[in-house]
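The structure appears right after this line, and notes come after that.
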Amino acid sequence: MGIVLIWSLVMILTRWISHKRRGAISYDSENQTALYIRMLDVRVRSQVGFEPEPRGSHPYLYVDFRTLHSRPQSAGPVSARNVRRLLSFQRYLHSSRFIRGIPASNPLGYLLDDDYTGQAKLMLEKVGNWNFDMFLFDRLTNGNSLVNLTFHLFNSYGLIELFQLDMVKLRRFLVMIQEDYRSQNPYHNAVHAADVTQAMYCYLQEPKLAETMTSCDLLLGLLAAATHDLDHPGVNQPFLIKTNHYLAALYKNSSVLENHHWKSAVGLLRESALLSHLPTEDRLNMEERLGSLILATDISRQNNYLSEFRAHLDKRDLCLTNGGHRHFILQIALKCADICNPCRPWKLSKLWSEKVTEEFFHQGDIERKHHLEVTPLCDRQSNSVANIQIGFMTYVVEPLFVEWSRFSDTRLSQTMMGHLSLNKQGWKEGRDKQEASTSRASEEQRTSAAKDSNSKELPQGSKRS
């Protein structure tokens, strides 16, 4: 009976929290053009001409296909995500009673769940290893890789103490980030965010960065990595534009996803009040710099950043004592971390490649189903994982990492370039074998068909004779 009463109370509280947050748009009175819309809780209503759509109507996408179809609004069941968030936060609130007695040497032992111990803890001791297996770490932490990794990095850098962060607020903020990534996405999910954060940490450990980056740079670099794809819908910008999605209209078809990731991150920072103790000017400046980092991950602006990076290296005028130059290098580092999968060991790289291609092909399937023009990259009928990866490595990854190696000629850079070369060759060999196998199968089919045709013609000839 007691358990039933407790669960009923949890459900009531969850519905109340969901009601209070759903449909709320955080409005920044100091910047009247900024609307922080989070796709987790917000649907633009009829005053701007969009039909609201119940969450969960598309397993991989939570987008409004107002030009394709509409569904009736329904209350639906209480979100399991909100239940998990509430239960998690209640546990952390309980832990907060002992915050004042936490030893500075090991705060994680008090705040992190039991899954932090054992093998997961051992893995974190080698978090700077480029061979770090984020898939394994995610399994060892029961799907909490992003929370545990980011909290560990904040602690190891001393950022919690330096910025006087409330550890319960920080934990709640990280939980909300992880929950706002969509686990249904094969690729753009919290595990990818954790992997990018780990890569960013590796780059921040490189001598040129480790010697010059300030505490604020480190904080923003890790925050940007953890939130750079926040609430990603699992489709690309052109898809949102051609389906007249409200985010495309809101951000005027420019860096739509990246703007949404940034504004979602700012919304969570404010909701958690993680930085509320800082002066307003400092807090707003950090939000702007966070946005500048996340916006740099827009792949359509790749050539702009690459050209500027190459020009700096040619002129040898990068000076990391200059705040602007440090911020630019942080942008480049985040861009590298975001697309570093082809530079990982083959076992990890191949798995990431298969996951991102699965997400691409799912978008193509939706486009074909709704009679939209199928994005070439997303067409499973005319493309393959190998072809996509070879093209991606050749035209996107390799040019950027060649310049990064010029900037930071270290063992890590050499390792990444070595993996990139081996992985590219691996995909080429796999593609050649597949093409050869397909060619043999086609030749066998033609031979078999010819034999069948001849066998049918012989009796007819004998009859004529």
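Which links in Lys242/Lys369; Lys121/Lys347; Lys126/Lys335; Lys252/Lys369; Lys350/Lys424 stretch past 18 Å when you go from one Cα to the other? Don't skip to the answer; put the middle values down first.
Numbers: Lys242/Lys369 15 Å; Lys121/Lys347 22 Å; Lys126/Lys335 23 Å; Lys252/Lys369 26 Å; Lys350/Lys424 10 Å.
In this structure, Lys121/Lys347; Lys126/Lys335; Lys252/Lys369 lie more than 18 Å apart at Cα.
Per 0.36 nm of contour for each residue apart, how much would the distance between Lys126 and Ser254 grow if the chain were fully extended, relative to their Cα-Cα spacing? Could the numbers behind the result be given before it?
Values: separation 128, 0.36 × 128 = 46.08 nm, distance 3.90 nm.
Full-extension gain reported as 42.2 nm.
Below 8 Å, C-alpha to C-alpha, sequence gap of six or more: please give me the relative contact order for segment 119-338 in percent. Don't skip to the end; give the middle numbers.
On the way: 237 pairs, mean separation 46.1, N = 220.
Rounded, it is 21 percent for segment 119-338.
If you put +1 on each Lys and Arg Cβ and -1 on each Asp and Glu Cβ, how big is the dipole of segment 119-338 around its Cα centre, in Debye rounded to 20?
Here the size comes out at about 240 debye.
What is segment 119-338 by shape, rounded, prolate or oblate, if you read a ≥ b ≥ c off the alpha carbon gyration tensor as root eigenvalues and call it rounded for a/c under 1.5, prolate for a/b larger than b/c, and oblate otherwise? Please list the in-between numbers first.
Values: a/c = 1.28, a/b = 1.04, b/c = 1.23.
The shape class here is rounded.
Give the separation of the Cα centroids, segment 155-214 to segment 283-300, in Å.
Their Cα centres are 15 Å away from one another.
Quick note: the coordinates plus some simple rules give every number you see, no bench work behind them. All values derive from a computational prediction rather than experimental measurement. Heads up, the Cβs are rebuilt from the backbone with ideal geometry, glycines too, and the neighbour counts pull from every protein chain shown.
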